[in-house]
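Remarks on the structure that follows.
The values are calculated or read from the model by the stated rules, or taken from the named source; none is laboratory data. Note that the structure is predicted; figures quoted are calculated from it, not measured. Cβ sites come from the backbone with ideal geometry, for glycine too, and all protein chains shown count toward neighbours. Just the protein is used for accessible areas: all its heavy atoms, side chains included, with ligands, DNA and RNA removed. Shrake-Rupley method; radii C 1.70, N 1.55, O 1.52, S 1.80 Å.
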Amino acid sequence: MLDTDEEQNELIQEFLVECYEGLDKLDQDLLTLEEDPRNTEILSGIFRTFHTIKGTAGFLAFRKLESVAHQAENLLSKLRDGALVMNTGRADALLKTVDTLRAILASIESSRSEGDEDCTELLDNLKRLQQPDQDGFLSSGVAPATATAEATNEASEASATRTTAEASEPTPTSEPEAGLGHSPETTAAAPPAIVPSPASLPDAVAAARAARWASPPPSLAAAQAAAAGGAASAAGADEDEGAEAAPSVGKASGNKKKEGSEASVATSTAPAKSSKPNAVDTSIRVDVNLLDSIMNLVGELVLTRNQIVQHTATDPSSALAATSQRLNLITSDLQEGVMKTRMQPIRNVWSKFPRVVRDLTTACGKRASLVMEGEETELDRTILEAIKDPLTHMVRNSVDHGIESVEERVAAGKPAEGTLKLRAYHEGGQVNLELIDDGRGIDIDRVKEKAVERGLLTRDKAGRMSEREALQLIFLPGFSTAQKVTNVSGRGVGMDVVRTNIEKIGGTVDIQSAKGEGTTLRIKIPLTLAIIPALLVTVDGCRFAIPQVSLIELVRLEGERARDAIEEVHGTPVYRLRGELLPLVDLRKELGLRPRPEIDHAGASAPMSAGTGVPAGSSEGEASVSETSLNIVVLQADDRQYGLIVDSVNDTEEIVVKPLSQQIRDIPVYAGATILGDGRVALILDSIGIAKRAHVLDEQHGHKQAREEAPVVTDAPIRGGQVETLLLLDLDENRAAIPLSSVARLEEIPVAEVEQSGDFLVTQYRDRIMPLVWLGRTKGRPVSRAAESDERLQVIVHASGEQHVGLVVDRIHDIVDASIVIERTTNRADTLGSAVVQGRVTDLLDIAGIVHRAIPNLARATAPRGEGARA
Amino acid sequence: MSRPAQLCTFTVADTLLGLEVEHVQEVLRFHEMARVPLASETIEGLINLRGQIVTAIDMRRRFSLPPRVEDQRPMNVVLSPSHGSVSLLVDDIGDVLDLDDQEMESPPATLDPAFQDLIRGVYKLDGRLLLMLDPVKAIDLAPMETA
């Protein structure tokens, strides 16, 4: 029996958590059932869930809950027995039941009472739907009334359920109230809009849905958000999530569903979630706070272990050394295990989206399906939390702005149903998330127009902006091109918040779009935040840590080589690494430290470190007379690589990432700080931050041309003053040109047709194997994954005697007759010079040279098919 | 009616400053610090305090005062966690004083402008003024340029 209040509370708490989980599963199952109405297993599962809710509700004397669940159970019973057939009307009613049950649960959670909501309409509807001949659609009168009831119900909840709001949410807490304030009005407006006409069933259903959408109070989302989250969620965490959701919602509609429900996957859900009782026994529920504190302790253990290992390194033979070695191994395993507990599949976040998409598409009158790839990809829990809202916003944006209406799509020759694809995969220590839609793409001109309107951009700059730069405009604060602000999205708080939130966890967001074809959003985030392997380097006596995920390789140049290997072009030092030009960044310079004693930038004055990682002695910058050596750390920054010049490279260590305090948090070159094994503090470098600061990346993750240049002597004659027919193309956002006489044909080759042959990427072209040469920076980009996409390469077929070579460019622009006046001579290997063509600086490409350098032995690389590919 | 206030006091270039004890976690001798290149000049460096990384703010620079003498080592006034992980570098630590909160007066208009924004009030002690530091403003370096 329930002796004390506390016990009662605990019981109710458990009941709530289990009910929320059950309701989430119901969302999923109901959607699955809608697609597959005769699935008896699902039907049984749904029946059992309602049955359980009814039973426990009755035991706890929650009569309203009990009666609603009871009617739903009855309906399900008849469906399960085959006496009735599942249809849209019944699905709607059942989904509405789930929402209503959630509302009641929320009320119970906050006030221990079931709330004042009047469920008679719903109950009547459910009863009516149990009759065989009903079409089962909600009458128009129902929707607004219940909507109003919900609104007032939620209004009282709003204050109750709002707990500590996350500081990260920029929208003020007054916004939910504003949203609430609107709902009664919109609700009042709803009835006139709905014209009941039994003859048009789909319209009435759609209208009823629309009415349901008209007044979704944010706090309902807050309550429902409590249900969201991974397997190990306790009530405490739920409340936080709820509060977090509340301010960000402000915009109504789909958020209600978005926050609260785990929607079903288009295909049937994994067996682990099914009704098999065994799955329940192998997992337990753990308070996330407990997990977090364990994680912290493990972090401290790692640090202490580092210190012990350092101390024992001096005397490897002692007993202490052996013990500390054991400690080392155990700590590593423990760390791995604890990290695993924090890792959750991204499915946990994605699972809500099918319902979000379903509800949104019905609200907007569109059709779209959601495809999910890589949902088992695992992420740290804190990262999942952080990307939940941004991802949801992106999905909603896609449906709301991206996917066109059915008529538009059909008129454009697209399938009536749009496709949203979510992809997740690990790559290079990061998790890549992609959201690809086949909608109308982003209208660059409209974006530019809006930006100019809002004073975010001068018209002049807008005119000169490249497409890629223009796309970045949507990330500016206050930007939204929605014609009208719908309840769904388009209030303009969107993409900049998305980007900020993603960058806050150390990730990047990028966007690509083709008008009329669709948009792709790409997010990259680090795998884990807490404990990472890092390389320690020293610069001017200061130690820094570089996360291994950004590390590509180490280059050490000695003596003369150190001096000669650095080429300086237009003020930018570069190093030719296996043929590729690597821009160099001098860390001393970037950090504003004292310059090295030697004058020329190429000489590093670090004392000899053995290259195997022995810590350098006094790294104060003493110049050693006979040897100069250069240490270059090759780093990845977004999609660029560059070399960081440091004084010395020390060892690698596993470090615990500690956040920077508010006073230094915003310095872009630092990603955090850590305590090294010897107790000293070291700052952790952010490779992207450094790259931006050194202008290797420009502000919007774009590219700079300077780094591509290198002083290489060429004795190609530079023509001038003649009129030539040129093929203009786009290359890395710059303009380039090839004499048309060099062009045999222009082709579009699907990426899927690119194959690997030894060192080259080739394609089969007219009974021959044609090697491909990428002219731009995209040289060497692996195409393996793109095999599934429909991407096509722009290829210029160039004939060199009997052989053909395919030159891959970004975009073929135009063919013009132009009088070439070489404006600027360069010593670049790939160009004959630059000229102004059509108002733009255009590089004239040295095709012969390019081809020769890329494929030294062209004859061997291209052989007629069927004769044995390579001689 | 008097309201007792317990104050930590410390000196920065002959100026006596105070903070209510609830704002102070502990007081330390000089600790080695790791430089933070590109940070505001006011930030002297980072300290390892029992595994926690604390940002040290040099109060001389904060008040635009001349720098310490070469071999003079500053002391650390580590603020309570509610202020983040921050320590104030001061010349010397003074006594803990018990004063009456009612006796705090508003800062005189003649106060050096460098102090104005950061001082909440003053106490008149025997022969000298005790300036009450505003901890929140003292560590808010936002208006200052961070490289």
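Restricted to the range A:713-743, and to residues there that are surrounded by fewer than 14 Cβ atoms within 10 Å (Cβ to Cβ) and part of a strand (DSSP E or B), the residue that is modelled with the lowest pLDDT is A:Val723. Remark: B:Val78 matches the filter, which requires a residue to be more than 10 Å from chain A (Cβ to nearest Cβ), in contact with an Asp or Glu (Cβ under 8 Å, 6 or more places away or on another chain) and assigned to a strand (DSSP E or B). Within the range B:62-75, the set of residues being more than 14 Å from chain A (Cβ to nearest Cβ) and farther than 16 Å from B:Ala34 by Cβ comprises B:Phe63, B:Ser64, B:Leu65, B:Pro66, B:Pro67, B:Arg68, B:Val69, B:Glu70, B:Asp71, B:Gln72, B:Arg73, B:Met75. Total residues in the range A:655-664 satisfying the condition of being facing another protein chain (nearest Cβ under 7 Å) and either surrounded by fewer than 19 Cβ atoms within 10 Å (Cβ to Cβ) or of a type in the set (Asp, Glu) (or both): the figure is 1.
In the set (1) modelled with pLDDT under 90; (2) surrounded by 13 or more Cβ atoms within 10 Å (Cβ to Cβ); (3) more than 12 Å from the chain's Cα centre (by Cα), B:Phe115 fails one condition alone, (3).
The residues of the range B:3-29 that are among the acidic types (Asp, Glu) and either within 14 Å of chain A (Cβ to nearest Cβ) or outside any loop (DSSP other than H, G, I, E, B) (or both), listed by number, are B:Glu20, B:Glu22, B:Glu26. Is at least one residue of the range A:545-566 within 14 Å of another protein chain (Cβ to nearest Cβ) and open to solvent by less than 40 Å² (accessible area, probe 1.4 Å)? Scanning the range A:545-566, I find at least one residue that is within 14 Å of another protein chain (Cβ to nearest Cβ) and open to solvent by less than 40 Å² (accessible area, probe 1.4 Å), so the answer is yes.
With respect to (1) of a type in the set (A, V, I, L, M, F, W, C); (2) open to solvent by less than 40 Å² (accessible area, probe 1.4 Å); (3) in contact with a strand residue (DSSP E or B) (Cβ under 9 Å, 6 or more places away or on another chain); (4) at pLDDT 85 or above, the lone exception for A:Val371 is condition (2).
Quick grid of which residues meet (1) within 23 Å of A:Cys542 (Cβ to Cβ); (2) at pLDDT below 90; (3) out of contact with any strand residue (DSSP E or B) (no Cβ under 8 Å at 6 or more places or on another chain):
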residue	(1), (2), (3)
B:Leu28	yes, no, no
B:Arg35	yes, no, no
B:Ile43	yes, no, no
B:Met59	no, no, no
B:Arg68	yes, yes, yes
B:Val77	no, no, no
B:Pro81	no, yes, no
B:Asp92	no, no, no
B:Asp100	no, yes, no
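Of all residues in the range A:285-295, exactly one satisfies the criterion of being without any contact (Cβ under 8 Å) to a residue 24 or more places away in the chain and over 16 Å from A:Lys340 (Cβ atoms), namely A:Ser293.
Of the residues making up the range A:407-448, those that are among the hydrophobic types (A, V, I, L, M, F, W, C), part of a helix (DSSP H, G or I) and either without any contact (Cβ under 8 Å) to a residue 12 or more places away in the chain or open to solvent by 60 Å² or more (accessible area, probe 1.4 Å) (or both) are A:Val410, A:Ala411. Inclusion of B:Arg120 among residues that are within 14 Å of chain A (Cβ to nearest Cβ), open to solvent by 30 Å² or more (accessible area, probe 1.4 Å) and free of Cβ contacts under 8 Å to residues at least 24 places away in the same chain is not warranted. Of all the criteria given as (1) open to solvent by less than 10 Å² (accessible area, probe 1.4 Å); (2) in contact with a strand residue (DSSP E or B) (Cβ under 7 Å, 6 or more places away or on another chain), the one not satisfied by A:Val356 is (2).
For every residue, the table says whether it meets (1) modelled with pLDDT of 50 or more; (2) in a strand (DSSP E or B); (3) within 14 Å of another protein chain (Cβ to nearest Cβ); (4) surrounded by 14 or more Cβ atoms within 10 Å (Cβ to Cβ).
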{"position": "A:Ala604", "(1), (2), (3), (4)": "no, no, no, yes"}
{"position": "A:Ala610", "(1), (2), (3), (4)": "no, no, no, no"}
{"position": "A:Ser618", "(1), (2), (3), (4)": "no, no, no, no"}
{"position": "A:Ile632", "(1), (2), (3), (4)": "yes, yes, no, yes"}
{"position": "A:Ile645", "(1), (2), (3), (4)": "yes, yes, no, yes"}
{"position": "A:Glu653", "(1), (2), (3), (4)": "yes, yes, no, yes"}
{"position": "A:Asp666", "(1), (2), (3), (4)": "yes, no, yes, no"}
{"position": "A:Ala671", "(1), (2), (3), (4)": "yes, yes, yes, yes"}
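Residues in the range B:87-108 that are in contact with a helix residue (DSSP H, G or I) (Cβ under 9 Å, 6 or more places away or on another chain) and either open to solvent by 30 Å² or more (accessible area, probe 1.4 Å) or within 14 Å of another protein chain (Cβ to nearest Cβ) (or both) were compared, and the one that is nearest to A:Ser661 (Cα to Cα) is B:Leu88. Total residues in the range A:42-77 satisfying the condition of being part of a loop (DSSP other than H, G, I, E, B) and of a type in the set (D, E, K, R): the figure is 0. For B:Glu32, the stated conditions hold: it is exposed (fewer than 13 other Cβ atoms within 10 Å of the Cβ) and within 14 Å of chain A (Cβ to nearest Cβ).
Picking from residues in the range A:34-90 that are modelled with pLDDT of 85 or more and among the hydroxyl-bearing types (Ser, Thr, Tyr), the one that is farthest from A:Asp359 (Cα to Cα) is A:Thr56. The residue that is modelled with the lowest pLDDT, counting only those in the range A:821-838 that are farther than 19 Å from A:Leu775 by Cβ and among the hydrophobic types (A, V, I, L, M, F, W, C), is A:Ile822. Only residues that are within 14 Å of chain A (Cβ to nearest Cβ) and open to solvent by 10 Å² or more (accessible area, probe 1.4 Å) were counted in the range B:123-138, giving 2. Against the test of being within 13 Å of chain A (Cβ to nearest Cβ), at pLDDT below 90 and not in a loop (DSSP other than H, G, I, E, B), the options B:Ile47, B:Ile53 yield a single qualifying residue, B:Ile53.
Looking only at residues in the range A:673-686 that are open to solvent by 10 Å² or more (accessible area, probe 1.4 Å) and more than 9 Å from chain B (Cβ to nearest Cβ), the one that is modelled with the lowest pLDDT is A:Asp678.
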